[in-house]
Amino acid sequence: MPESLRIEAARPHDAPVLIELVRELARFEKLEHLVESTEAQLRSELAAEPPVIEALIARRGARPVGFALYFHNFSTFLGRRGLYLEDLYVVPEVRGQGVGRALISHLAGIAARRACGRFEWSVLDWNSRAIDFYRSIGAEVLADWRICRVTGPALARLAGSGAIDGAQ
């Protein structure tokens, strides 16, 4: 009989567990070269007041088997805050055993308790297993939307290109 699953809010002292799971996620997505985040950064952001990020850790016994990292956004159309799931990861050995569903369900409960108008996330287009899972739990995969991102030198150039004196 497998050990029962526990889902707990991550605290600053959980940063070492979170950073390892983030690295595992990056390896799975073949994006490990993009990970700049550090244990110290995660610890600091989890401890911030108000919190910048929040996270859940799923454990079987003492073993971490998954995580979800999330934060609030805001919908101008709804006039309400939403809950945005930045990352969800379940270790390969326990996939298909309800860990992902439990994490998503727990987050949906948080969104409902906080009167969020939306609970949303993005998924890589090649991750058909995740897409199928998300559809099976009632999520709509929005085909008309694309993520736009500006980072690094492009962000610095853009920030410098439209500065107005006194504007922040």
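The values are calculated or read from the model by the stated rules, or taken from the named source; none is laboratory data. Small disclaimer: the values here were computed from a predicted structure and weren't measured. Using ideal geometry, Cβ is built from the backbone for each residue, glycine included, and neighbour counts are taken over all protein chains shown.
What tally of residues in region 21-53 results from selecting those that are of a type in the set (A, V, I, L, M) and free of Cβ contacts under 8 Å to residues at least 24 places away in the same chain? Residues meeting the conditions: 6.
So that you can scan it fast, the table gives a plain yes or no per residue for (1) among the β-branched types (Val, Ile, Thr); (2) surrounded by 10 or more Cβ atoms within 10 Å (Cβ to Cβ); (3) more than 18 Å from Tyr70 (Cα to Cα):
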residue: Trp121; (1), (2), (3): no, yes, no
residue: Asp125; (1), (2), (3): no, no, yes
residue: Ala130; (1), (2), (3): no, yes, no
residue: Tyr134; (1), (2), (3): no, yes, no
residue: Ile137; (1), (2), (3): yes, yes, yes
residue: Glu140; (1), (2), (3): no, no, yes
residue: Ala143; (1), (2), (3): no, no, yes
residue: Cys148; (1), (2), (3): no, no, yes
residue: Arg157; (1), (2), (3): no, yes, yes
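So in region 54-79, with the set limited to residues that are loosely packed, with under 11 Cβ neighbours inside 10 Å and either free of Cβ contacts under 8 Å to residues at least 12 places away in the same chain or of a type in the set (Asp, Glu) (or both), which one is nearest to Val150 (Cα to Cα)? Ranking the qualifying residues of region 54-79, first place goes to Thr76.
Residue count for region 80-104, restricted to those that are of a type outside the set (D, E, K, R) and exposed (fewer than 13 other Cβ atoms within 10 Å of the Cβ): 2. Against the conditions (1) at pLDDT 95 or above; (2) assigned to a loop (DSSP other than H, G, I, E, B), Gly96 satisfies every one except (1).
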